[in-house]
Structures are given as structure tokens and as C-alpha cells.
Ligand SMILES: [Zn+2]
């Protein structure tokens, strides 16, 4: 079983009816309130992160800020972080989920993460190294052991997020 956390995050957000591309309205220069409300109802942590990013961008003097891109990355990144936190929840040292780090699907992969491609480690170790969590990370992982436990955790994560 190969998981791409970022892709999963996008799929689950889409399944929840959240239109990532309509999160920001360039015509008003504001976050689209309808989308924000949907996100808040889905998971308040995600909405909070988006508002924080928006406020930070608004306070910046940089005229070249891409609001759309930054807010999208925040939403998907926060969602991916939530997924990673939840799927490793309940991991024990004696029975860890072993994973193999899979290469990023990004056009310009992160050099820091590329050194881990193909490495076998616990899911927790990968999470600590920022798999799916590091800004813009598009890496994946293959579940090598504990697949059934992992699958049930994944189902639970989907139901609770
Ligand atoms: Zn990565």
C-alpha cells in the first residue's frame, strides 16, 4: 500500500465539498467566506491556520505575494499534518508501522527529503523528519508492515477529521 499524504489530503478535502481553488477571491482580496465556513465546520484547526496565514500575508509589505498559492498550501499542508498525526496515533515502540520512503512527485523535489528516498523506517520517524508535514512536501510512503492496523487507523482518521 502506497500513500501520498498530500494527495490524500486533497482528495479528502474535495470529498468534504471544499473547493480549494475558490478559497481566495482576488476580486475582493479576501478569503471566500463560504469556503472558510465549510472548512471551519469540517475542522476548525484548518480554518484557524488559514486565517493566520492570511493575516500574516496581509501584514507583509511584499507586493508580489501570491495569496492564492499561499492559502492553498496552508490548507493542504495543515490537512496533511492532521492526517499524519492521526495515522501515527497509537503507534507503539514494540509494534511500529514500518514504511519505505517514496520519492516526491514535485517538479523540484526538496533536497533535504531526497536523501531519505528508499529508506525503511518507522512511520513515527518519517513523521519526525517531516514526511507530509514539511512545507510543500509531496513525498509518499509504502507501508511495509502493520498494514492492517494502519488501514484501520486510516479509516478512523478519515471518519474523525
Ligand atoms: Zn518530502
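A short reminder: the numbers here are calculations on the coordinates, not readings from a lab. Just so it is clear, the model here is predicted, and its values are computed rather than measured. A quick note on method: Cβ atoms are made from the backbone with ideal geometry, for glycine too, and the neighbour counts reach across all protein chains shown.
State the percent of C-alpha pairs, over all pairs in the stretch 38-81, separated by a distance greater than 14 angstrom.
Within the stretch 38-81, distances greater than 14 Å cover 47 percent of Cα pairs.
Checking a compactness column here: for the stretch 91-160, what do you get for Rg(Cα) / (2.2 N^0.38 Å), N being the number of residues?
1.13
Quick check on the chain: helices-only [θ] at 222 nm, where DSSP H runs of length 4 and up contribute -39,500 (n - 2.57) each and the sum goes over total residues. Nearest 500, please.
Calculated mean residue ellipticity at 222 nm is -15500 deg cm²/dmol.
Fewest to most neighbouring Cβ within 10 Å: what's the order for 12, 135?
Result, fewest neighbours first: 135, 12.
Volume per residue, Å³, of the convex hull around the alpha-carbon atoms of the stretch 3-50?
Per-residue hull volume (Cα only) is 77 Å³.
Checking the a/c ratio against 1.5 first, then a/b against b/c, what shape does the Cα gyration tensor give for the stretch 55-104?
prolate
Report the relative contact order of the stretch 91-160, percent, no decimals, based on alpha-carbon pairs under 8 angstrom and at least 6 residues apart.
It rounds to 41 percent for the stretch 91-160.
Where q = 0.14, 0.15, 0.18 Å⁻¹, what log10 of I(q)/I(0) comes from the Debye formula for the chain, counting one point per Cα?
Treating every Cα as an identical point scatterer, log10 I(q)/I(0) equals -0.74, -0.83, -1.09.
How would you order 48-59, 138-149 from highest to lowest mean count of nearby Cβ atoms within 10 Å?
138-149, 48-59
Let me understand the stretch 8-85 better: what is its radius of gyration from the alpha carbons, and its Dmax, in angstrom?
Final numbers for Rg and Dmax: 12.0, 36 Å.
Given an 8 Å cut-off on Cα distances and at least 6 residues of separation, report the relative contact order of the chain as a percent.
30
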